[in-house]
């Protein structure tokens, strides 16, 4: 009996060590590798948890985290928003017309801000090409010579590995007080922070926020090593990858001047067109002695980033980084040695505990430890902004408890029941069946993926945020559930599976886990049928006095990696890769009622659908513009295809869909 117990204990410690090893491997992954499960994911999760506490009255009363969204009196935003881009002939809310605007407008604004006593003006707007009219650049430069101004530059790595800076035209760069890079490495699509500086040979390039804070404080900014930097005499903690982490915030949507506006509580903002209209005294009240940032918040300009707490204009991220540098409010990552110790020690203790209890009770103890540790980690972050690893400790702990419990259960039937209980509610039945068909069901927990050619589908309700403001929670959930039920049915009928719901957005994949040759056709046909069903539903809803909406859809075909992603307590069977990101960009291009497909999808379905080719678009992460096509009808057998295509040799000037 003693030998048997020692054997059980030995196997339990080995399994717990294996669980800890999984946590260590995921923890040590580079930022660019699997950001859904590495330290980037941990940072996102910790911030989501801290905001969850702040947004629930009972939890907020218990924890009382410090308010880090209090207004920074030194920070102002002049927003290039929908109101500013409205038609000048609009009698109710005249704007400045279509963007981009003549650069003399910026010169005029700078002259007025100078007279108003602004300290520093920073443009989170790209000016990389000379204006066709030299007078416009001259007026802009004159404004910069009067008012201390920071302009953006873009840093790129050449094929030879050399860092190159794309700067504004010499006449503008010479007039600016300083330049700061605006290009940000959005790992996995997340904006979590930014380097203070990037070193390139003998040159050191400050970020746009660092250059701004340096000019405002009169203090030099520099990076010392991967974990530390300085602004003047103040130490700036970095994350180990030379990144200054951003204290997350939540954007707030309001309606002003007849248009939807976004702002955040830690700064004051006004519309660009309103700034030009303000009298001198009011503008001085707004700008005197302040940092004034000019940047885009307009949805049409596509300058948005995904933060750990939601989608926000890219300029808000730079504002937050400036806010932190000015107020010296930084996130400090604890030493990696402490994180690694916790990833190893806690799972070993839980593995031992499970050997001393019934398997179910041992797992319960493991979960209790996970909850207690998670509360402690979130509280430490909420109170002090010290970031200790959470998901990898929790993942290793849960894995250790499960491994040992499953080992003690010791039957394949029990293993299958455990897997079905863990995953049955979170993934499709096809995925669960594929797991259970494995010779060793426990190997279904493998996080590795496989490459496959699929078609990725995204759809998004247009205007749902503003619509939901006039609906009760019950009405909103009822409408969404009715809508999702119909859309999912049509996805399933064409062999796809719904990967996830992101608010009112649906992501589906055609097809997994077993791709088929006609997936692209089935995906586009499913999208077409969904749009027809939406029209019918909205007609019925309108007749019943219910709020109606339209839906934009985007599809892209290409090779992805599909499989289980996540941690032991939070798996998601999904797809990742560049083609997934492209599909996500295309659905942002689509207007309500439109189906936008990429060139790769078009090539697979062009004999089945009628399309109109749209102006190519630049999207985030792509150097070249993407051709995109709107699906406008089904092509009958034998019918001549009336599709409208652009001449590939003479394409119109691409538009910008997502420049940040």
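Here, each number is a calculation from the coordinates, and none is a lab measurement. These numbers come from a predicted model, not from an experiment. Neighbour counts are summed over all protein chains in view; Cβ atoms, including those assigned to glycine, are modelled from backbone coordinates with ideal geometry.
Where does each of 69-78, 209-218, 87-96 land if you order them by average Cβ count within 10 Å, highest first?
Going from most to least packed, we get 209-218, 69-78, 87-96.
For region 75-327, the antiparallel share of DSSP beta bridges with both residues in that region comes to about 55%.
With 0.36 nm allotted per residue and the present C-alpha distance subtracted, the residue 383-residue 61 stretch has 114.6 nm of extension available. For the peptides 310-318, 42-50, the ranking by packing is 310-318, 42-50, with the highest mean count of neighbouring Cβ atoms within 10 Å listed first.
Spin-label model, residue 561/residue 647: points 7 Å from Cα along the beta carbon direction are separated by 4.3 nm. In a fully extended conformation the segment linking residue 6 and residue 516 would gain 178.6 nm over its present Cα-Cα distance, using 0.36 nm per residue. The mean sequence separation of alpha-carbon pairs under 8 Å and at least six residues apart, normalised by the residue count of the chain, gives a relative contact order of 13 percent. Model label points for residue 349 and residue 33, set 7 angstrom from Cα along the Cα-to-Cβ axis, are 3.0 nm apart. Shape analysis of region 454-498 yields a ratio of the Cα radius of gyration to the Kirkwood radius, Rg/Rh, of 1.07. Computed extension gain for residue 489 through residue 543, at 0.36 nm per residue and net of the alpha carbon distance, reaches 17.1 nm.
Taking a ≥ b ≥ c as the square roots of the eigenvalues of the Cα gyration tensor, region 75-327 is prolate, since a/c reaches 1.5 or more and a/b is larger than b/c. Label separation (residue 471 vs residue 142): 5.3 nm, computed from points 7 Å beyond Cα along the C-beta direction.
For the chain, compute the orientation-averaged projected area of the C-alpha convex hull (one quarter of its surface), in nm².
With every direction weighted equally, the projected area is 34.0 nm².
Mark the label point 7 Å from the Cα of residue 99 along Cα→Cβ and return the residues of region 122-140 whose backbone N is within less than 20 Å of it. Under 20 Å, as judged by backbone N against the label point of residue 99, lie 122-132, 137, 140 of region 122-140.
Protection proxy ranking for 21-34, 575-588, using the average of other Cβ atoms within 10 Å per residue and placing the highest first: 575-588, 21-34. Residue 285 to residue 14: FRET efficiency via 1/(1 + (r/R0)^6), r the Cβ-Cβ distance, R0 51 Å, to the nearest 0.05? About 0.15, to the nearest 0.05. Ellipticity at 222 nm from helices only: DSSP H runs of n ≥ 4 in the chain, each -39500 (n - 2.57), divided by the residue count, give -13500 deg cm²/dmol. Rounded to 0.05, the FRET efficiency of the residue 357 and residue 165 pair, given R0 = 56 Å and the Cβ-Cβ distance, is 0.40. Using the Cβ-Cβ distance between residue 615 and residue 70 with R0 set to 45 Å, the FRET efficiency from 1/(1 + (r/R0)^6) comes to roughly 0.55.
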